[in-house]
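The values are calculated or read from the model by the stated rules, or taken from the named source; none is laboratory data. Since this is a predicted model, take the numbers as computed values, not measurements. Here the Cβ positions follow ideal geometry from the backbone for every residue, glycine too, while neighbour counts run over all protein chains shown. Keep in mind that these areas ignore ligands, DNA and RNA; they rest on the heavy atoms of the full protein, side chains included. Shrake-Rupley method; radii C 1.70, N 1.55, O 1.52, S 1.80 Å.
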Amino acid sequence: VQLVESGGGLVQAGGSLRLSCAASETIFSIDFMGWHRHAPGKERELIAAISSGGVTYYADSVKDRFTISRDNTKNTLILQMNSLKPEDTAMYYCAARPAPTEEYWGQGTQVTVSS
């Protein structure tokens with residue numbers, strides 16, 4: 001599975017961005033899909049995930065501000081980010097796990113939030 005993220009950019013604090021992750025294959029049966037981020041000097045963290053059944057997970061740092069969704073008809077994973085903060089600045093990566101020992105990552109998209 002190839003994953004391509006888009007939608008990153010520069011935004012002021014309080015603004016919004018919508019990240020997309022386009023998959024090269026159907027994502028209907030992929031149980032785990034998620035968004036990670038990696039900021040300089042920090043560890044990579046899983047911030048949001050969604051199962052094939054629509055069950056979601058959010059890290060405390062983004063809860064109530066970010067929304068993850070998946071459009072199985074377009075093979076796309078979405079991350080709607082609202083009320084952005086400077087500490088959200090990071091490279092954002094999409095990941096898909098079709099099986100426990102099989103994981104795929106996109107190349108990342110940069111999000112920069114200015115204060």
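Please state, rounded to one decimal and in Å, the Kirkwood hydrodynamic radius that region 68-115 gives when every pair of distinct Cα atoms enters the mean of 1/r. Hydrodynamic radius (Kirkwood, Cα only) of region 68-115 equals 12.6 Å. Here Lys63 is the anchor, and the lysines within straight C-alpha reach of less than 25 Å, apart from those fewer than 8 places off in the same chain, are Lys42, Lys85. Taken over region 5-92, the percentage of Cα pairs per 5 Å bin, counting from 0 up to the bin with the maximum distance, is 3, 14, 26, 25, 18, 10, 4, 0.
If you average the sequence gap of Cα pairs under 8 Å that are 6 or more apart and divide by the length of the chain, what percent do you get for the contact order?
Computed value for the chain: 37 percent relative contact order.
The GluC sites (Glu not before Pro) of region 2-54 meeting both criteria, a DSSP state outside H, G, I, E and B (loop) and at most 10 other C-beta atoms within 10 angstrom of the site's C-beta, are Glu43. Return the carbon/sulfur percentage of the accessible area of the chain, one whole number, probe 1.4 Å, all protein chains in place. Within the chain, the accessible surface is 49 percent carbon and sulfur. Look at the alpha carbon pairs under 8 Å that are at least 6 residues apart: their mean separation over the length of region 34-73 gives a relative contact order of 30 percent.
In region 1-97, which chymotrypsin sites (Phe, Trp or Tyr not before Pro) are in a loop and have at most 11 other Cβ atoms within 10 Å, using DSSP for the loop call?
Phe28
Scanning residues 5 or more positions from Gly15 or on other chains, those with amide H under 5 Å from its amide H are Leu84, with H placed 1.01 Å from N in the peptide plane. Rounded to the nearest 20, the Cβ-based charge dipole of the chain about its Cα centre (Lys and Arg +1, Asp and Glu -1) stands at 240 debye. Note that the chain presents 52 Å² accessible area per residue, ligands and nucleic acids not counted, probe 1.4 Å.
Could you calculate the FRET efficiency of Leu10 with Ser61 from 1/(1 + (r/R0)^6), where r is the beta carbon distance between them and R0 is 22 Å, rounded to 0.05?
On the way: r = 20 Å, r/R0 = 0.92.
E between Leu10 and Ser61, to the nearest 0.05, is 0.65.
Positive end of the dipole of region 1-64 (Cβ unit charges, origin at the Cα centre): among Ser6, Ile47, Phe28, the Cα lying farthest that way belongs to Ser6.
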